[in-house]
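Accompanying notes for the structure given below.
What follows is calculated from the coordinates using simple rules that are stated; it is not laboratory data. Quick caveat: nothing in here was measured; it's all calculated off a predicted structure. We place every Cβ from the backbone using ideal geometry, glycine too, and count neighbours over all the protein chains shown.
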Amino acid sequence: MRRSIETNTLVLVSDHTKSLYEDRWDGNIFHYTGMGRVGDQTLTSQNRTVAESLNNGIEMHLFEVFETKKYLYLGVVELVANPYQEEQLDDNGMKRQVWIFPLKSINNQKKIIVPDLIIRMKEVLREKKVRKLDNGELENRARTARRKSSKRRTATTTYERDPYVSEFAKRWAKGICQLCNHPAPFLNKNGDPYLHTHHIEWLSRGGEDSIYNTIALCPNCHDKMHIMNLEEDIRELKDKVIFNVGIG
């Protein structure tokens, strides 16, 4: 956050290239994470400025960064609900409380549609970073991940998956499809078993983006679940998750 006292403006930057943590969209509401990278965040400094923005007259301008040093201006935003706290890990991997600010573009602004390709490029970058984590750190971050996926307007409606959750499901599967119980059909260019991650209860139907609703499948079984979605297969996948991950 960068504030100008002279103009009474505050610049909010959501830089997707620098952090594995994600500010997120839920429809037209942007849930912006406050300042403070280590330890519990407090409602001081610019966090307080945003929290009191409906009364202090400050004008807030939102930018998103998907590529290094390229800023996408999304316009003037305002606080549309009370700030709330949620648990995240800090830069040292310790659990802490952060402040989240629900923001929305003010009326009569042209809506900015982000191309699907840019969102996919961002996801690929984050997936590469997540694959470098050891099993312990990955599980820690996956278990503390938000359970609600980010949903934003692109050319279509896009659900952004949590890369910690996806990678964790693939690792505990150990290269085996959790429906047909066969090895992955081939290895990808990185030498990893090629498996898809599937949400047992689909995100589009309100399912959680969590380790308790995500499982690794071969491409064939993944297609089967999206075409047939048989109740006996759903029960089997849920049992596999309970056995390997636990109950959420």
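Values as computed for the structure displayed
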| read-out | value |
| --- | --- |
| Low-density loop positions, GluC sites (Glu not before Pro), the stretch 16-62 - DSSP coil, at most 15 other Cβ in 10 Å | 52 |
| Pairwise centroid distance, computed over Cα atoms, of the stretch 1-64 with the stretch 157-173, Å | 27 Å |
| Where only alpha carbons of the stretch 153-248 are counted, the Rg and the Dmax (Å) | 13.1, 39 |
| Trypsin sites (Lys or Arg not before Pro) within the stretch 88-138: DSSP coil, no more than 16 neighbouring Cβ in 10 Å | 110, 111, 132 |
| Sparse-neighbour loop sites [trypsin sites (Lys or Arg not before Pro); the stretch 147-248; at most 13 other C-beta within 10 Å; DSSP] | 174, 189 |
| Other-chain or far-sequence residues with amide H under 5 Å of residue 180's (modelled H) | 218 |
| Full-stretch length increase - residue 131, residue 84 - with 0.36 nm per residue and alpha-carbon distance subtracted | 13.9 nm |
| When each of 18/95; 104/148; 170/224; 95/189; 95/128 is checked by Cα-Cα distance, pairs over 28 Å | 95/189 |
| Relative contact order for the stretch 158-217, counting Cα pairs under 8 Å that sit 6 or more residues apart, in percent | 39 percent |
| Segment residue 104-residue 147, extension gain: residue separation times 0.36 nm, minus the distance between their alpha carbons | 13.3 nm |
| Dipole axis of the chain (+1 Lys, Arg; -1 Asp, Glu on Cβ), positive-most option in 248, 93, 1 | 1 |
| Gained length - residue 232 relative to residue 15, 0.36 nm times residue gap less alpha-carbon distance | 73.9 nm |
| Global geometry of the stretch 1-83, whether rounded, prolate or oblate, following the gyration tensor of its Cα atoms and the 1.5 cut on a/c | rounded |
| Relative contact order (%) - criterion: Cα under 8 Å, at least six apart; region: the chain | 15 percent |
